[in-house]
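The values are calculated or read from the model by the stated rules, or taken from the named source; none is laboratory data. This one's a predicted model, so the numbers in the text were calculated from it and none came from an experiment. Every residue, glycine as well, gets a Cβ built from its backbone with ideal geometry; the counts of neighbours run over all protein chains shown.
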Amino acid sequence: MFRSPQIRRRPLGQPEFLPVSLHPVLRRVYAARGVGSGEQLSLDLKRLLPPNRLLGIDAAAAVLADAIRDQRRIVIAGDYDADGATASAVAILGLRALGAESVDYVVPNRFTMGYGLTLPLVALAQARGAEVLVTVDSGIASLAGVAAAKAAGMKVIVTDHHLAGPELPAADAIVDPNQPGCTFPSKHLAGVGVMFYVLLALRAQLRVAGVFSTKPEPNLAELLDLVALGTVADVVRLDANNRILVAQGLARIRSGRARPGLMALLAASQRAPDRIAASDLGFVLGPRLNAAGRLDDMGLGITCLLAEDFDSALPIAHQLDALNRERRGIEAQMRDAALEQVAESEDVGVTLFEPDWHEGVVGLVASRVKDALHRPVIAFARATEDGMLKGSGRSIPGLHLRDVLATIDSTYPGLITRFGGHAMAAGLSLPEAGLVAFRTVFDAQCRSLLDAEALDQVIETDGELGASEFHLDTALALEAAGPWGQGFPEPRFEGFFEVEDLRPVGADGRHVRYRLRDPGGNVVNAVHFNGAETAVDGGTLHGVYQLAVNRFRERESLELRLEYVVAAD
């Protein structure tokens, strides 16, 4: 079942149209990602798409402007992942800055309430005195929840970025770039990005109404550190608009102007703010926030982001760090069990289940197995509700996971209790008694949609580097560029290296440190995380790698971060 990937070079593009002042390697990298002019390199806030192109945003802003004028109580209905947590914090901080005096939030418990604006979450919001309810990162599929909130007398605004079902909820306003009829050019805003845009529209309406004639207009750019974190952590595509949001947020963090809670998370994870990259948002800070929602209560993460000062935020950040370490241990055990399950499997659509798996971690396991097999994977755990399973799935290019679940639901009514998501990730619930049937039909659906070529894992690279390009200056230029992420991948290269030496590192010896001889004959250090099983001991290796800068005691040196290695012969 485990097959070696193909290594393929990205198309070069047209670097001749980019400024000659750019590092030549960076020019090639940008061109291969569709950047064809110097203007496209600008990440200035002035180049953000205007809010008024989002369907429903004026209506949402009007409801909020009325609520601020009348001092109605606004409650934010959050979500239990990093996107939902940052969107909740951005909503609360932004509304307060714009004049709302009574803003609160509720967040669902993953294990007792499930995803979205459920009836129990509406009841919780009602108990908090909600007069205006604003969903973030959810709500587009919450027909019953919105109806219940409306019946309780609330105004309801849905802000979301997920795909809509056949029917929209009867909210007072819906802002979602992926709802039918919305012509907003960027369909890849995260939930936090949608909420940020709603605040921009609200500020514009308040400006026209003369609200800021007697007081300063709030600078909503102060929220961009949180917008950047939620955008990268949710692994949405970094199109031009999202790259502006992320670049501006990173600039605030690097200059020390981030929220105290975000700075505390950096301190707890031993990361220097001035060197933070987009990858740190996705692989360092995001998992620490997500750990609260996976194992405990995302209210802890939101409290950290809302903290007014570093000293009060730091103990919470350490709690989140401890939860993340616990999550890693649980995930490692579940991942190993999952890989054993699929070692001999020939399924194209892979379904996994173990009775003792943790419900909050199955999505991570699905992701790890998907990466190993290059197959769509859904992992299930037992839910708190008797007889029910909750699953989380991850897909590969060529298979829209939510559409597959919709097809199964319509073809086999009653097999799936509920589902939702998007192309690359989705969640669902079903009775445990239906697991065997689901495994069969999920595999059949995947087989019908994925041909042999789609099932071949491909590692795309930016080609080989010449001896003169294999240099610390190149690594520094690539590090200073970006931001890199989903849909705008970090530069990776391939090459052949003589293995001078290697040694296992890490508490369990899963990582490998190499000393390699580069194309110019120089020795360079390299590290391959989780590379012990594929280590090449001697001879020549063919490797895919990222150029990185190793910093130790004020000294900078070139280092390779290996992603894939194989013996050259």
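Some points to look at:
- Tabulated pairs, region 196-217, first free of Cβ contacts under 8 Å to residues at least 24 places away in the same chain, second assigned to a loop (DSSP other than H, G, I, E, B), C-beta under 8 angstrom, 6+ apart or interchain: Arg207/Glu217
- Search result, residues across region 289-316 that are in a loop (DSSP other than H, G, I, E, B), hydrophobic (A, V, I, L, M, F, W, C) and touching a Pro at 6+ places or on another chain (Cβ under 7 Å): Ala307
- Region 5-48 - residue that is assigned to a helix (DSSP H, G or I) and charged (D, E, K, R) and, of those, farthest from Leu478 (Cα to Cα): Lys46
- Residue in region 447-484 that is modelled with the lowest pLDDT, counting only those that are closer than 18 Å to Gly521 by Cα and touching a helix residue (DSSP H, G or I) at 6+ places or on another chain (Cβ under 6 Å): Glu469
- From Phe497, Phe470, residue being part of a loop (DSSP other than H, G, I, E, B), aromatic (Phe, Trp, Tyr) and in contact (Cβ under 8 Å) with a residue 40 or more places away in the chain: Phe470
- The numbered conditions (1) touching a residue at least 24 places away in the same chain (Cβ under 8 Å); (2) over 21 Å from Ala65 (Cα atoms); (3) among the hydrophobic types (A, V, I, L, M, F, W, C) are all true for Leu223 except (2).
Table: residues versus (1) within 21 Å of the chain's Cα centre (by Cα); (2) free of Cβ contacts under 8 Å to residues at least 12 places away in the same chain; (3) not assigned by TED's automatic domain parsing to the domain that holds His374.
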site	(1), (2), (3)
Gly293	yes, no, yes
Cys304	yes, no, yes
Ala313	no, no, yes
Leu339	no, no, no
Trp357	no, no, no
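- Only one of Ala381, Ala406 that is in a strand (DSSP E or B) and of a type outside the set (Lys, Arg): Ala381
- No other residue among Val198, Val235, Val194 is of a type in the set (Val, Ile, Thr) and part of a loop (DSSP other than H, G, I, E, B) apart from Val235.
- Flag for Gln71 being surrounded by fewer than 23 Cβ atoms within 10 Å (Cβ to Cβ), without any contact (Cβ under 8 Å) to a residue 60 or more places away in the chain and either part of a loop (DSSP other than H, G, I, E, B) or acidic (Asp, Glu) (or both): yes
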